[in-house]
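S.K.: Before I ask anything, here is the structure I am working with.
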Amino acid sequence: FTCDLIRNFSIIAHIDHGKSTLADRLLELTGTIKKKEVGKNEQVLDKLKVERERGITVKAQTASMVHNFGGKQHILNLIDTPGHVDFAWEVSRSLAACQGALLLVDASQGVQAQTISVFHVAQERGLKIIPVLNKIDLPAAQPERIAAQMQSTFGIDPADIIQISAKTGRGVDQVLQAIVDRIPPPNGTTTRPLKAFLFDSMYDRYRGVISLVAIQDGILKKVRYSVDLVIHHLVSIISGDRIVSCHTNKKYEITDIGILNPEEIPVTSLHPGQVGFIACNMKESSEAHIGDTLHRVGSAVDPMPGFKPAKAMVYAGIFPIDTSDFPKLEESIKRLALTDRSVTIQRESSTALGQGCRLGFLGTLHMDVFRQRLEDEHDANIIITAPTVPYKIVYRDREVYVSNPTEFPDAIEAASKVKEVQEPIVKASIIVPEEYFGDMMDLCFSHRAEELEHKYLDAGTGTESRIMLNCVIPLSEIVTDFFDQLKSRSSGFASFDYEEAGYKSSNLAKMMFLLNGKPVDALALIVHRSHEDAIGKLWVKKLVKVIPRQMYEVPIQAAVGKKIIARETLSAYRADVTAGLYGGHVERKMKVLERQKEGKARMKRMGTVDIDKDAFVEIMRSK
Ligand code: GTP
């Protein structure tokens, strides 16, 4: 297949607009997979259990199709992209391997926050965009109105929009034709040295890391014969291509090459414009740097532009419920991380929770998915601490990133040594029907949003018109309850997306929670000073509800530095030690009560508060 017979494309869409369903229809129409029975809706490209349960795509999957156009066989490489905001980075990487994208919009929902962000990424990458309106079979579909919305938002000519139902298959053949007619072929050549773009990776227990590559130039071969003369014997050496990573300079030997159809099909070589997988003795997923350029040992090439490693945005501690399970848990975390290169791992120990790991994730959904996979696939019984974002502590002579509240400088250190504390901020956009606009403004203000702007997505106003609200908001504000509140306050109609926007100086402090006067490290939080009273009060109220009563009274306090912000008292559990004594043994009764009082005092002096793990789980859940 020469380049002119190849098309590399992606489907970009807001979550749930039908990407996976359309991918399945394209695979069926090209005969790549068998047509499924009507009514059966399980998807071919979504593979993880958590993806099926949640109906979201976590891991991008890729498939090559062969189809006949005008008497010529063409290869269409579909680079599937995940649909959630946490994985925006993966979307951007996958798009770098394409020349075009289908911009899919639900004809009943219209343009949503992620439709806009993925459109901009695709446009910045210079991709040819094919606008597609999906779900036109739905009674609530309003194709004309949404087409007008796409025109006003993206400058798309309504005449270019293809209307389809991915569910029934209507119009999908036009999409296939448009891919060939409108998307330009890749422009690689075999005359230049091998240059392969690494855009995704997966992990195989037996072969190690499998990387997905798009060949820019040259030919990548599995088998290479070379002839050597070793002391009069002709020795024929059979080996795979030897390649180098531009990013790490590490060398690898190709052991396996193939294409995904969508199952693996081995091939002996990959040519310019083709997309396929390679295995090359990479042991850990972290070696496969998404966006890296690979070339043959001994020949230099210019790396593909824009390489940027994934950055963890949210950190949390993971601890075993039973402390003795730590070695097993750590092993499970490491095994799972082999398949998920964007997770970072560090050991962490807590006086309250014992030994655990501090993990870094792309976002809270990513964190949830990882936790669920640990529980489903590795049977792990865990506690996960409240998520924290990476703060930047600017000292007089250096900058330090802190992603664990326990490492955050306390008030005394901050006053003497720290110049300022900065927190990560993001540019957020929310799209919502006009009637919820006021609620969304309130939500943004209560989460410290600034630079609020809004505009109408539809020309003119009306009950159905939608508003896009843009603002700058601290990342820490959106990793807690923001998304849930956004959904509940808009009856599920608001959509949301964000992108990193650097760091900003902020008035933050470490809040500690004291039980019986002793700080509990696992409960520490970083709070904005303007919220400290409210957060302190809320948390002590929560704690007093979930911590089991002790034999003695336990004060529960929230403190910032030496200042106590809030306090509740957990009343004593009064064991009825005199229950077994009947009648007139008043003296004995008094004695027993006296002893109980002493015992209580002793325990209090020792400062032992038993918070069992269940209470911790409850606390973390309520967060
Ligand atoms: P993510 O994988 O989470 O990004 O979602 P997605 O965009 O892949 O959406 P998916 O294909 O899973 O479809 C979401 C829902 O919409 C599913 O319940 C589909 O059955 C349904 N759906 C998809 N296309 C159509 C369509 O043309 N008509 C109707 N009525 N429903 C559709």
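The values are calculated or read from the model by the stated rules, or taken from the named source; none is laboratory data. Since this is a predicted model, take the numbers as computed values, not measurements. Every residue, glycine as well, gets a Cβ built from its backbone with ideal geometry; the counts of neighbours run over all protein chains shown.
S.K.: Being more than 27 Å from the chain's Cα centre (by Cα) and in contact (Cβ under 8 Å) with a residue 12 or more places away in the chain narrows it down to one residue among Leu270, Leu260, Leu336; which is it?
M.R.: Selected residue: Leu270, the only one of Leu270, Leu260, Leu336 that is more than 27 Å from the chain's Cα centre (by Cα) and in contact (Cβ under 8 Å) with a residue 12 or more places away in the chain.
S.K.: For the structure I just gave you, tell me whether Glu477 is crowded, with 18+ Cβ neighbours inside 10 Å and free of Cβ contacts under 8 Å to residues at least 40 places away in the same chain.
M.R.: In short, yes.
S.K.: Please work out if Thr57 is at pLDDT 85 or above and either part of a loop (DSSP other than H, G, I, E, B) or within 10 Å of the ligand (Cβ to nearest atom) (or both).
M.R.: So Thr57 fails the test.
S.K.: Residues being near the ligand (Cβ under 9 Å from one of its atoms) and surrounded by fewer than 18 Cβ atoms within 10 Å (Cβ to Cβ): count how many of those fall in the range 138-166.
M.R.: Here the count works out to 1.
Table: residues versus (1) in a loop (DSSP other than H, G, I, E, B); (2) modelled with pLDDT of 90 or more; (3) closer than 30 Å to Thr339 by Cα.
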{"position": "Gln151", "(1), (2), (3)": "no, yes, no"}
{"position": "Ser165", "(1), (2), (3)": "yes, yes, no"}
{"position": "Pro184", "(1), (2), (3)": "yes, yes, no"}
{"position": "Gly188", "(1), (2), (3)": "yes, no, no"}
{"position": "Arg192", "(1), (2), (3)": "yes, yes, no"}
{"position": "Phe199", "(1), (2), (3)": "no, no, yes"}
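S.K.: Also: Hey, can you tell me all the residues within the range 515-539 that are over 28 Å from Pro424 (Cβ atoms) and not polar (S, T, N, Q)? Give the derivation first.
M.R.: Of all residues in the range 515-539, those over 28 Å from Pro424 (Cβ atoms) come to 515-518.
Within the range 515-539, Leu515, Gly517, Lys518 qualify.
S.K.: Would you check which residues across the range 296-354 are touching a Phe, Trp or Tyr at 6+ places or on another chain (Cβ under 7 Å), part of a helix (DSSP H, G or I) and of a type in the set (Val, Ile, Thr) and list them?
M.R.: none
S.K.: Here is a further query. Name the one entry in Met511, Met551 that is assigned to a loop (DSSP other than H, G, I, E, B) and in contact (Cβ under 8 Å) with a residue 12 or more places away in the chain.
M.R.: Answer to the check: Met551.
S.K.: Continuing with the same structure: Cβ-Cβ distance below 8 Å, separation of 6 or more or different chains: which pairs start in the range 374-392 with a residue that is free of Cβ contacts under 8 Å to residues at least 60 places away in the same chain and end on one that is assigned to a strand (DSSP E or B)?
M.R.: From the range 374-392, the pairs are Leu374/Ile318; Leu374/Ile382; Glu375/Ile382.
S.K.: I've got another one for you. Only residues that are within 16 Å of the ligand (Cβ to nearest atom) and surrounded by fewer than 20 Cβ atoms within 10 Å (Cβ to Cβ): list them for the range 122-137, please.
M.R.: Within the range 122-137, just Asp137 meets the criteria.
S.K.: Still on this model: Hey, any hits in the range 279-295 for a residue that's outside any loop (DSSP other than H, G, I, E, B), under 26 Å from Ile183 (Cα atoms) and without any contact (Cβ under 8 Å) to a residue 12 or more places away in the chain?
M.R.: No.
S.K.: Right, next: Can you list residue pairs whose Cβ atoms sit under 7 Å apart, with the first residue in the range 99-118 being farther than 23 Å from Pro184 by Cα and of a type outside the set (A, V, I, L, M) and the second being within 11 Å of the ligand (Cβ to nearest atom) and in a strand (DSSP E or B)? Count only pairs 6 or more apart in sequence or on different chains.
M.R.: As it stands, the answer is Asp106/Asn134, since those pairs meet every condition given.
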